[in-house]
1. From the backbone phi of segment 71-78, what are the Karplus-calculated ³J(HN,Hα) couplings (6.51 cos²θ - 1.76 cosθ + 1.60, θ = phi - 60°) in whole Hz, Gly and Pro given as x?
2. Greater than 29 Å separation of Cα atoms is the criterion. Which listed pairs, Lys47/Lys111; Lys61/Lys128; Lys67/Lys129; Lys47/Lys78; Lys72/Lys118, meet it?
3. Note down the Stokes-Einstein diffusion coefficient of segment 54-141 in µm²/s, whole number, using a Kirkwood radius over alpha carbon pairs, 20 °C, and 1.002 mPa s.
4. Sort the following peptides by mean Cβ neighbour count (other Cβ atoms within 10 Å, averaged over residues), highest first: 87-98, 66-77.
5. Could I have the simple spin-label model distance between Val123 and Ala97, label points 7 Å from Cα toward Cβ, reported in nm to one decimal?
6. Among the trypsin sites (Lys or Arg not before Pro) within segment 113-145, which fall in a DSSP loop and have no more than 16 other Cβ atoms within 10 Å of their own Cβ?
7. In whole Hz and in residue order, list the ³J(HN,Hα) couplings for segment 54-65 that follow from phi through the Karplus curve 6.51 cos²θ - 1.76 cosθ + 1.60, θ = phi - 60°; x for Gly and Pro.
8. When the Karplus curve 6.51 cos²θ - 1.76 cosθ + 1.60 is applied with θ = phi - 60°, which whole-Hz ³J(HN,Hα) does each residue of segment 134-143 get, with x for Gly and Pro?
Amino acid sequence: MKKVLLAMVMAALVVAVSAQAEVAVAPAAAPVASPAPAAPVAKAVVKKELPPVQDLELVGKVVQQEKVRKNKEGVEVKQTTIVLDITADGIQVLLQANKKDNVDPAAFVGKDVKVFAKGYSEVNAKGKKSVRIQKVTKIEALVTP
């Protein structure tokens, strides 16, 4: 077994040396100036700065969405998310439960609400508004006449 392994290593070494010799002979035969190899350029990672966190008051309807996705094993899994649908701006904002302050958006599904939260709102280069909530502090149901 050791002899077979040694023979394979020697064969790989001979192939590598012969390939290196062919490369060394080729530039000497053709007197063409080759450009210096370029140093690898490291890509600069640009992190986008987020706007400052501010107090937000959002009005909309709490909607529960269900999606069926496949996990790593290929099994279909139902995923449920609760979002605040703000029809005035045409956007949806993900609402997450705040267990510290006993705020559960699941109790308000299907109702018009006013959400008090901490997060940020911004408008991108195309003019589209986006809202990100970091922490929901309070949810109040709106009374519709």
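1. For segment 71-78, the Karplus-derived couplings read 7, 4, 7, x, 8, 6, 10, 8 Hz, x marking Gly and Pro.
2. Working: Lys47/Lys111 38 Å; Lys61/Lys128 20 Å; Lys67/Lys129 24 Å; Lys47/Lys78 33 Å; Lys72/Lys118 34 Å.
Listed pairs above 29 Å: Lys47/Lys111; Lys47/Lys78; Lys72/Lys118.
3. Values: Rh = 14.0 Å.
Calculated translational D: 153 µm²/s.
4. Values: 87-98: 14.9, 66-77: 7.9.
Highest-to-lowest ranking by the protection proxy: 87-98, 66-77.
5. My value for the distance between the label points is 3.7 nm.
6. Numbers: sites: Lys114, Lys118, Lys126, Lys128, Lys129, Arg132, Lys135, Lys138; in loops: Lys126, Lys128.
Passing both the DSSP loop test and the Cβ count: Lys126, Lys128.
7. 9, 7, 10, 10, 10, 10, x, 10, 7, 10, 9, 10
8. Here the 3J(HN,Hα) series is 9, 8, 8, 9, 7, 10, 10, 6, 8, 8 Hz.
Read-outs: derived from the displayed coordinates by stated rules, not from any lab. Note that the structure is a prediction, hence the values are computed from the model and not measured. Note that we place each Cβ from the backbone using ideal geometry, even for glycine, and neighbour counts take in every protein chain shown.
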